[in-house]
1. From (1) touching an Asp or Glu at 6+ places or on another chain (Cβ under 8 Å); (2) free of Cβ contacts under 8 Å to residues at least 24 places away in the same chain, pick out the condition that doesn't hold for Glu18.
2. Name the residue, out of Val40, Val23, that is under 26 Å from Asp90 (Cα atoms) and loosely packed, with under 15 Cβ neighbours inside 10 Å.
3. For segment 1-18, give me each residue that is more than 16 Å from Trp51 (Cα to Cα) and either under 14 Å from the mean Cα position of the chain (by Cα) or exposed (fewer than 15 other Cβ atoms within 10 Å of the Cβ) (or both).
Amino acid sequence: MSAIRPIELYSRGKQLAESGRIVQGLACMQEFLLACPADVHALREAGIMLWSLGRLDEATEHLRSARRNSAEPDPSVLEALVEVRLAAGDVEGAEEAGEKAHKLQKRQESGAER
């Protein structure tokens, strides 16, 4: 039997989660992250899956890792972090992430206009 390539795990994880099989999707994404622990997209996807399962501290950890590992700041990571922190009742954390997302979007918009 051949081993599953990491990219197949990532794709399968997204497909499973999108079809409502979040626990199975998360398992695939976590296996992918064992091979590629700094992958920003997988960290964000896993964070969103964890959030939907109510595992807010783990979701926060994954989203913060995605933010730290990103060469280019990604507003979608910060936006997800805002939602997770609000769900956890951490208004200050949500406000901080929201302010960063807003500033980042403004910078990206002004850069695109040049």
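1. Single failed check for Glu18: (1).
2. Going through Val40, Val23 in turn, just one is under 26 Å from Asp90 (Cα atoms) and loosely packed, with under 15 Cβ neighbours inside 10 Å: Val23.
3. At the first step, the residues of segment 1-18 found to be more than 16 Å from Trp51 (Cα to Cα) are 1-12, 15.
The answer is Met1, Ser2, Ala3, Ile4, Arg5, Ile7, Glu8, Tyr10, Ser11, Gln15.
FYI, it's all coordinate maths here, none of it is from the lab. Everything numeric in this text was worked out from a predicted model, so none of it was measured. Virtual Cβ from ideal backbone geometry, glycine too; neighbours counted across all protein chains shown.
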